[in-house]
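Notes follow once the structure below has been shown.
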Amino acid sequence: MGPVTTNPGADATMRGMSPTEEQIGIVIVDHGSRRHEANRRHELFVEEWRQRGGFRMVVPAHMELAEPSIAMAFDACVAGGCTTVVIAPYFLWPGSHWDRDLPDLAAEASGRHPGVRYLVAAPLGPHPLLADIVEQRVEHCLAHSAGNAPECDVCVGTGRCRLR
């Protein structure tokens, strides 16, 4: 009789096989802010995305200035049974954070979890849907400034979305 394994997905991952969605944890990481409200908005966004389902875990992280850190989020994914952790940057463009900082932080976090693989995904841009998002935002703001639409969730109560 062969060895008993408590996590057969980890064995598949170790042999270089693709993990299933049930074995993948997603860490959606933003820069982090000194402003509590900015961090809270990121965490709410991640919670809404998590509720869509599909992956074993989807957790927020902040690269710096706030918690949970990437290491804390990575640990949470592993504790939740994930054998692969994807660090998904909530950044627009490739830059030094994506090129150096995120890979370094992910490698450091994974060092405590032998056998768990990780991937740092690409940033959001340049993705063609970003142009659609910008266009929709501009159209809505123009409609609001003309009195034809309510303030969006970002601007509500600020009075910022108006022609000057």
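The values are calculated or read from the model by the stated rules, or taken from the named source; none is laboratory data. Please read these numbers as outputs of a predicted model, since none were measured by experiment. Please note: Cβ atoms are built from the backbone with ideal geometry, for glycine as well, and neighbour counts cover all protein chains shown.
Things to note:
- Filter result for Ile133 (at negative phi and touching a helix residue (DSSP H, G or I) at 6+ places or on another chain (Cβ under 9 Å)): no
- The residues in region 48-79 that are modelled with pLDDT of 95 or more, over 20 Å from Leu92 (Cβ atoms) and of a type in the set (Gly, Ala, Ser) can be counted, and the count is 5.
- Each residue in region 1-47 was checked for being modelled with pLDDT of 50 or more and in a helix (DSSP H, G or I), and 15 pass.
- Those residues of region 98-132 which are in contact (Cβ under 8 Å) with a residue 60 or more places away in the chain and either within 14 Å of Ile28 (Cβ to Cβ) or exposed (fewer than 12 other Cβ atoms within 10 Å of the Cβ) (or both), in sequence order: Leu102
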